[in-house]
1. Please find, among 112, 147, the residue that is crowded, with 19+ Cβ neighbours inside 10 Å, in contact with a strand residue (DSSP E or B) (Cβ under 9 Å, 6 or more places away or on another chain) and modelled with pLDDT of 90 or more.
2. Go over the candidates 202, 218, 243 one by one and state the one that is in contact (Cβ under 8 Å) with a residue 12 or more places away in the chain and either closer than 30 Å to residue 85 by Cα or under 33 Å from the mean Cα position of the chain (by Cα) (or both).
3. What are the residues in segment 4-38 that are touching a helix residue (DSSP H, G or I) at 6+ places or on another chain (Cβ under 6 Å), modelled with pLDDT under 85 and under 14 Å from residue 85 (Cα atoms), if any?
4. Taking residue 224 as the residue in question, decide whether it is within 22 Å of residue 74 (Cα to Cα) and loosely packed, with under 11 Cβ neighbours inside 10 Å.
C-alpha cells in the first residue's frame with residue numbers, strides 16, 4: 001500500500017513532549033500493554049519510526065485547517081510511542097515527522113492517521129477503531145461514498161460499519177433531545193432541532209418508554225470509581241503499615257521503604273496521564289459532536 005505521507009511536505013525534528021496535544025483520534029483507547037512491549041523492544045535495541053505531528057490549527061467556517069502559530073503540535077500518529085517516551089523513559093523530547101503542507105482538512109488527517117495503522121501497521125485497528133474513525137468522518141460531513149477510499153477498506157465492509165454507526169449516532173441524538181425536554185423544558189420541536197434529529201423520532205422514543213432504564217448509569221459509574229479507589233487506598237495503607245512495622249523490626253531498610261513509595265508514586269503519575277488522555281479523547285468527541 002502507498003505510504004499515506006507520500007506527496008506531503010514533511011520535516012523531521014525533535015519536539016518537546018509537553019508541546020504535543022493528542023487531539024486527532026482514530027482509536028478508541030490506549031493499550032498500556034502495548035506501551036510496555038514497545039519499551040522493552042527499544043531497550044533491546046529496536047529502532048521505532050518517528051511519530052507524526054502537524055502544527056496546531058483551528059478549523060475555519062469552510063472546514064479548512066488554519067495554523068495557529070503557537071509552537072504547539074497536534075498528534076496524527078504515534079500516541080503509544082509518545083507515551084512510551086514519556087512514561088517509561090521520562091524523556092522530554094520525541095523524534096517526529098511534521099506535516100508542513102499538503103493537507104487542508106481535518107478529515108484528511110483522520111484518513112492519514114487511519115491508513116498509517118491499517119492494514120499492515122504495527123497495531124492494526126479493530127472493529128471499535130474503525131467505527132470510531134467513521135464516526136469522526138461523518139461528523140465532519142464527509143460523503144459516505146468517499147469513506148472507503150479514505151480508509152483503504154472494501155466498499156461493502158465500510159457500508160456495514162457506516163450503517164451501524166449511523167444507527168448509534170441517531171439513537172444518541174434522540175436521547176440527548178429527550179433530556180432537553182425533560183431537564184430543560186424544551187418543546188419537542190426545539191429539542192429535536194437542537195440535536196439535528198426529527199420531532200417524529202423523539203415522539204416515538206418518548207412513547208416507547210425507553211427512558212425507563214434498569215439502572216442509573218451515572219450512579220453506577222460513580223459507585224464503581226469510588227469503590228475502586230477506596231479499595232486501592234485501603235490496600236496501600238495496609239501495605240505501608242506492614243512495611244513500616246518490618247522497618248521497625250529491622251527486616252527492611254529505610255531505602256527499601258522509600259523505593260516502595262517511589263513505585264506507588266510512579267503508578268499514580270502514569271494513571272494520571274492515562275486519565276488525562278481519556279478525558280481529552282472524550283472532550284474531542286463532545287466538541288466534534290457540537291455538545
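1. 112
2. On the way: 218 fails: in contact (Cβ under 8 Å) with a residue 12 or more places away in the chain; 243 fails: either closer than 30 Å to residue 85 by Cα or under 33 Å from the mean Cα position of the chain (by Cα) (or both).
Answer to the check: 202.
3. Scanning segment 4-38 gives a single hit, 34.
4. Numbers: within 22 Å of residue 74 (Cα to Cα): no; loosely packed, with under 11 Cβ neighbours inside 10 Å: yes.
Criteria not met by residue 224.
The values are calculated or read from the model by the stated rules, or taken from the named source; none is laboratory data. As the structure is a computational prediction, the values presented were derived from the model and not from experiment. Cβ atoms come from the backbone with ideal geometry, glycine included; neighbour counts cover every protein chain shown.
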